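Read the structure below first, then the notes.
The values are calculated or read from the model by the stated rules, or taken from the named source; none is laboratory data. Because the structure is a prediction, the values reported are computed rather than measured. Note: ideal-geometry Cβ built from the backbone for every residue, glycine included; neighbour counts use all protein chains shown.
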Amino acid sequence: METALSAKNKLEFIDGSAPELAIDDRYHNAWRRCNNMVASWIVNSVSLPIRQSIFWMNKAEDIWRDLKSRYAQGDLLRVSELQREASSIKQGDLSVTEYFTKLRIIWDELDNYRPKLMCKCLNKCSCDVLPNITQ
């Protein structure tokens, strides 16, 4: 979903960098249209039971934050399973390409459980995220 929103230059509607404009702002209607479009993309990309729990939310950012708090939490059991699977996988009769693809799928899923650390400092880093990235 983030890739699709980035491709359409709409990430700011879920990351909070495009806050809702005042109703008397001349760009409020444009903001609302974009927000509604992003919200509808998100709502229509989830299953019906999930959709019913977020349909009443008006802001794409609120929908995104709600879904993220529910589903983006690290699942320690799944991480453990993936690590075990990655360490026990054998090439056997697989071609190198097939073997690497299986490993890559596991690695990519593991990456989804890792926190995304980003430094937002303009000049020299003062937010202490750099030491965490290198760990």
Within the stretch 24-38, is there a residue that is under 23 Å from Tyr113 (Cα atoms), surrounded by 11 or more Cβ atoms within 10 Å (Cβ to Cβ) and touching a residue at least 24 places away in the same chain (Cβ under 8 Å)? no
Just give me the residues in the stretch 71-99 being in a helix (DSSP H, G or I) and under 30 Å from Lys10 (Cα atoms), in sequence order. Tyr71
Test Asp66 against the criterion of being of a type in the set (Asp, Glu) and at pLDDT 90 or above, and give yes or no. yes
Against the conditions (1) in contact with a Phe, Trp or Tyr (Cβ under 6 Å, 6 or more places away or on another chain); (2) assigned by TED's automatic domain parsing to the domain that holds Leu110, where does Ala60 fall short? Just the number, please. (2)
Answer with yes or no whether Ala7 is under 20 Å from the mean Cα position of the chain (by Cα) and modelled with pLDDT of 90 or more. yes
The correct count of residues that are closer than 17 Å to Tyr71 by Cα and among the hydrophobic types (A, V, I, L, M, F, W, C) in the stretch 1-38 is 2
Counting only residues that are surrounded by 12 or more Cβ atoms within 10 Å (Cβ to Cβ) and of a type in the set (S, T, N, Q), which one in the stretch 76-100 is farthest from Arg114 (Cα to Cα)? Gln91
Check every one of the helices (runs of 4 or more DSSP H) wholly within the stretch 1-70 and list those with 3 or more residues that are small (Gly, Ala, Ser). 2-7, 28-43
